[in-house]
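The values are calculated or read from the model by the stated rules, or taken from the named source; none is laboratory data. Since we're looking at a predicted model, the values are computed, not measured. We place every Cβ from the backbone using ideal geometry, glycine too, and count neighbours over all the protein chains shown. Calculation scope for accessible area: heavy atoms of the full protein, side chains included, ligands and nucleic acids excluded. Shrake-Rupley method; radii C 1.70, N 1.55, O 1.52, S 1.80 Å.
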Amino acid sequence: MRIRGRRYRTIWLAADGWSVKVIDQTRLPHAFVVRRLTSLGDAAEAIRTMVVRGAPLIGATAAYGLCLGAREDASDRSLDVGRETLLAARPTAINLRWALDKLRGVARGVPVEERVGVLYAAAAEICDADVRACEAIGRHGVELIRAAKVGKRGRGPVNILTHCNAGWLATVDWGTALAPVYAAHDKGIDLHVWVDETRPRNQGANLTAWELAQHGVPYTVIPDNAGGHLMQRGEVDLCITGTDRTLISGDVCNKIGTYLKALAAKDTGVPFYVALPHSSVDWEETTGSAVPIEERPEREVTHVEGRAPDGSTVVVRVTPEGSPVANHAFDITPARLVTGLLTDRGLCDASPAGLFRLFPERRAGKGDPSPPARMAESRVPGGGG
């Protein structure tokens, strides 16, 4: 991604070769701040407080968090405790567990004194593989947008509705749901994005709008409950969202409000796609009731942060004092409402048969799929290099 003309990833090693730098997403869109992580505790706190967010980026941050912990103590017990600490930071996103299990597996059989270097190399590959996977999602997804453009017969741009943030900022680079948008925009396909504000954290209004503007993609921010109205009026050609965990059944766990968009899309005949790398698939669970739905602090609902006329950042209460609050962070969209899953290996039905067709090695129990053969681009940590 480019921010003010400079190339960045969302996470990278600092110049010292061991500490980790991330973009502090809680400061966007009003300030661009880079935060340095120096311990496993720093990484867990960054995940918990949403300094970093988005399932693929959470996984990458957790991987480096385990590396930071190993610098202090690389014993089996320490790695196990570190894994549990990081897992507890945000329990819903499957990439978190996937990345930690991958690193924990790499460390087994390696002498303790050699583990730190091995773990850092594995964390770096997780980041590079995520970039390759997201670039591949964009490459496959361009065809959906191109087909929608042809179907419009020149009647205006392709209107795409998305929910939450599933772009650069949710991954190491490119994004999931927004990767096809960027790829299509760069190919000159006329498009426009309807950006759900995504209460209560406003990841759409704060993050998606910000990064689309950085890339020059036309967009409009809308209230969360406006999507159905736009679909009824024929002003949405397709929906693309990301996912924090997609079950082997095809059920999709994503940011709260996704289910309502999928219902509206089904009722109005608008295609509803979910974009994801293979690391976001839960290959074991088959029912949405098995997914732990994170419940976040009440304050996210009762208060809102914004910029005052003098340029300062202020926090104000928007609910009556003492109001009870329920703040469920995710919901489950049943597979029957999903037109297709857009993966790093292409498009498939939201079903076991669809996923196993693209990832046959998972049916055979052979572990993680191989990353896409085509590299997205050379490694570009934040700040270049």
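Packing order of peptides 251-262, 225-236, highest average first: 251-262, 225-236 (average count of other Cβ atoms within 10 Å over each peptide's residues). The charge dipole of the chain, taken about the Cα centre with unit charges on the Cβ atoms of Lys, Arg (+1) and Asp, Glu (-1), comes to about 940 debye, rounded to the nearest 20.
Extents of the stretch 81-177, taken as max minus min of Cα coordinates on every principal axis and listed largest first, are 63, 24, 16 Å. The GluC sites (Glu not before Pro) of the stretch 248-320 that DSSP puts in a loop, and whose beta carbon has at most 11 other beta carbons within 10 Å, are 284. With the helix formula -39500 (n - 2.57) applied to DSSP H stretches of n ≥ 4, the chain reaches a computed 222 nm mean residue ellipticity of -11000 deg cm²/dmol.
For the stretch 50-62, 3J(HN,Hα) computed residue by residue from phi via the Karplus equation (6.51, -1.76, 1.60; θ = phi - 60°) reads 6, 4, 10, 7, x, 3, x, 6, 4, x, 5, 5, 5 Hz, glycine and proline entered as x. For residue 254, nonlocal amide neighbours, meaning residues 5 or more places apart or on other chains whose placed amide H falls under 5 Å from its own, are 244, 331, 333.
Between amide H atoms placed 1.01 Å from N, distances below 5 Å from residue 270 occur with no residue 5 or more places distant or on a separate chain. Projecting the Cα atoms of 330, 47, 352 onto the charge dipole of the chain, computed from C-beta unit charges around the Cα centre, puts 352 farthest toward the positive end. Which one, 15, 37, 136, projects farthest toward the positive side of the charge dipole computed for the stretch 1-141 from Cβ point charges (K/R +1, D/E -1)? Towards the positive end, the residue furthest out is 136. Here's how it looks for residue 191: its modeled amide H is under 5 Å from those of 158, which are all 5 or more places away or on a different chain. The count of lysine pairs in the chain that are at least 8 places apart or cross chains, and whose C-alpha atoms lie under 26 Å apart, stands at 11. Each residue of the stretch 323-340 was assigned a 3J(HN,Hα) from its phi angle through the Karplus expression (A = 6.51, B = -1.76, C = 1.60, θ = phi - 60°), giving 5, x, 9, 10, 10, 7, 7, 9, 9, 10, 9, x, 4, 5, 9, 9, 5, x Hz with x at Gly and Pro. Derived scalar couplings between HN and Hα for the stretch 230-235 equal 5, 5, 4, 7, x, 9 Hz in order, rounded to whole Hz, by the Karplus curve 6.51 cos²θ - 1.76 cosθ + 1.60 (θ = phi - 60°), x for Gly and Pro.
The stretch 261-338: percent of C-alpha pairs farther apart than 20 Å?
Beyond 20 Å sits 59 percent of the P(r) for the stretch 261-338.
In the full protein context, the stretch 58-103 carries 34 Å² of accessible surface per residue, based on a 1.4 Å probe and ignoring ligands, DNA and RNA.
Protein heavy-atom accessible surface, 1.4 Å probe, per residue over the stretch 155-225: 29 Å².
Roughly to the nearest percent, how much of the accessible area of the chain is carbon and sulfur, given a 1.4 Å probe?
Details: 7860 of 15630 Å².
With neighbouring chains kept in place, the figure for the chain is 50 percent.
Note on exposure: 266, 102 ranked by accessible area (1.4 Å probe, complete protein assembly) read 266, 102, with the most exposed listed first.
Plainly put, the chain has a radius of gyration that is 0.95 times its Kirkwood radius, both from alpha-carbon atoms, as the Rg/Rh ratio. The Cβ shell under 14 Å around residue 49 holds other residues with a net charge of +2, Lys and Arg each +1, Asp and Glu each -1.
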